[in-house]
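Below you'll find the structure, written out as structure tokens, and then a few comments.
The values are calculated or read from the model by the stated rules, or taken from the named source; none is laboratory data. The model shown is predicted, which means the values in this text are computed figures rather than measured ones. Neighbour counts are summed over all protein chains in view; Cβ atoms, including those assigned to glycine, are modelled from backbone coordinates with ideal geometry. SASA here: full protein model, heavy atoms, side chains in, ligands and nucleic acids out. Shrake-Rupley method; radii C 1.70, N 1.55, O 1.52, S 1.80 Å.
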Amino acid sequence: MCNYIGQSKVSLKMKAVTKLGLTVKECLEVSPLSRFEVLTGDTGLENVVEKVSVLEAPDGIYWIRGNEFVATCGYAFRENKERLLEVVDEMAQRGLAVLGIKINRFLFSLPEGLIEKCIDLKLPLLSIPSDIAYYDIISSLEHELWNRRYVHRKNNLLNGYLSRISTHDSV
């Protein structure tokens, strides 16, 4: 179960599909993300995730497109973890939805002030357990996102079809 302060969990399958992405809170209901620890409380849990990326290159922030879940083990910041404080500002400006960090891989502690900065930026900061592979994060989230898009498209097609039928019947 995900460790965060907030309301009880609601099944993704019970919610109507009104958007193409998932909120961060919904992402945390997906296995294995349910094992992640939210370090920033309720901050930004309603941010919408539409894609998943991995950040391990120092210039990787320039590839952020917005509404992303970015996972990192901090390799790009291993020699200067304070740089992460600067990078978080840039990522937030680029529309990052959530940042997940594997602590105890290359970063053995977070830079002082990072959690507070993320809270100020309304950017959820997650601790990723070290035994979870990027593949598991990416495939789980992309599967949920694909299903969300599929249901949304199917509903749009069905609504269009029903609308045409009702318009035809009322003539």
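Could you check, for region 156-165, whether at least one of its residues is closer than 26 Å to THR23 by Cβ and surrounded by 13 or more Cβ atoms within 10 Å (Cβ to Cβ)? Looking through region 156-165, none of the residues is closer than 26 Å to THR23 by Cβ and surrounded by 13 or more Cβ atoms within 10 Å (Cβ to Cβ). In the set (1) within 15 Å of LEU39 (Cα to Cα); (2) open to solvent by less than 50 Å² (accessible area, probe 1.4 Å); (3) not in a helix (DSSP H, G or I), LEU96 fails one condition alone, (1).
Scoring GLU26 on the criteria (1) closer than 16 Å to TYR134 by Cα; (2) open to solvent by less than 10 Å² (accessible area, probe 1.4 Å); (3) of a type in the set (D, E, K, R) leaves a single failure, condition (1). Name every residue in region 126-138 that is β-branched (Val, Ile, Thr), part of a helix (DSSP H, G or I) and surrounded by fewer than 21 Cβ atoms within 10 Å (Cβ to Cβ), in order of residue number. ILE138, the sole residue that qualifies. Scanning region 35-74 for residues that are modelled with pLDDT under 95 and of a type in the set (Ser, Thr, Tyr) yields one hit, TYR62. Within region 104-125, if we keep just the residues that are among the aliphatic types (A, V, I, L, M), at pLDDT 95 or above and not in a helix (DSSP H, G or I), the residue that is most open to solvent (accessible area, probe 1.4 Å) turns out to be LEU121.
Out of the residues in region 46-93 meeting the condition of being small (Gly, Ala, Ser) and part of a loop (DSSP other than H, G, I, E, B), tell me which one is most open to solvent (accessible area, probe 1.4 Å). Per the stated criteria, the residue is ALA57.
Does LEU114 satisfy being farther than 18 Å from LEU22 by Cβ, of a type in the set (A, V, I, L, M) and touching a residue at least 12 places away in the same chain (Cβ under 8 Å)?
yes
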